[in-house]
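The values are calculated or read from the model by the stated rules, or taken from the named source; none is laboratory data. As the structure is a computational prediction, the values presented were derived from the model and not from experiment. Note that each Cβ is placed from the backbone with ideal geometry, even for glycine, and that neighbours are counted across all protein chains shown. The area values use the complete protein model at the heavy-atom level, side chains included, leaving out ligands, DNA and RNA. Shrake-Rupley method; radii C 1.70, N 1.55, O 1.52, S 1.80 Å.
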Amino acid sequence: MSGLELSVASSATDELVGAFARLTPQLSSSAAAPSAPALRAIIAHEACRILVARSGEGGIAGVLTLVTFPIPTGARAWVEDVVVDGEARGAGVGAALLDEAVRLATASGAKTVDLTSRP
């Protein structure tokens, strides 16, 4: 997808809350979309980063949560809750989010990055 912009969320804006309200049902039929206070808590947590992909038109096309944490054998990272809007799928948004997550995890000293996918 040309014109894709990736960033780490720094606040729970109305746009981000709205994007999660739209994207969460595409990820899980049983999970509720996070509220603004829940997103603020995630963003404020030192182990968590919410990566945001914006399309060339400026709308949020996908999100990913990266969690990095220390364990006795070294730093590790998990990728959680990756979701790309149905209209943006197949355009490389998910791959771009994952590439950025791996880059950030590596920069944080993570020795592994784990992701579980549910087809």
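Given just the C-alpha atoms of the chain, how large is their convex hull per residue in cubic angstrom?
On the way: hull volume 12.8 nm³, N = 119.
Taking the convex hull of the Cα positions in the chain, it is 108 Å³ per residue.
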*What length, rounded to one decimal in nm, is gained on full extension from Ser11 through to Ser29, with 0.36 nm per residue of separation minus their alpha-carbon distance?*
3.9 nm
*How far is helix 93-107 tilted off the main Cα axis of the chain, in degrees rounded to 10, range 0 to 90?*
30
*Can you tell me the FRET efficiency between Glu57 and Thr116 if r is taken as the Cβ-Cβ distance and R0 is 35 Å, rounded to the nearest 0.05?*
0.70
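Skip the ligands, DNA and RNA, and give the accessible area per residue of the chain with a 1.4 Å probe, whole Å². Don't skip to the answer; put the middle values down first.
Numbers: 6690 Å² over 119 residues.
Spelled out: the 1.4 Å probe surface of the chain, per residue, equals 56 Å².
Calculate what fraction, in whole %, of the accessible area of the chain sits on carbon and sulfur atoms when a 1.4 Å probe is rolled over the protein chains.
On the way: 3650 of 6690 Å².
It is 55 percent, rounded to a whole number.
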_Selected from Ala53, Thr112, Pro25, residue furthest toward positive end of dipole (the chain; charges at beta carbon)_ = Thr112
_Compute the helix-to-body angle for 14-27: its Cα long axis versus the longest principal axis of the chain, expressed 0 to 90° and rounded to tens._
80
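What full-extension length gain, to one decimal in nm, is calculated for Ala107 and Ala36 as 0.36 nm per residue of separation minus the Cα-Cα distance?
22.7 nm
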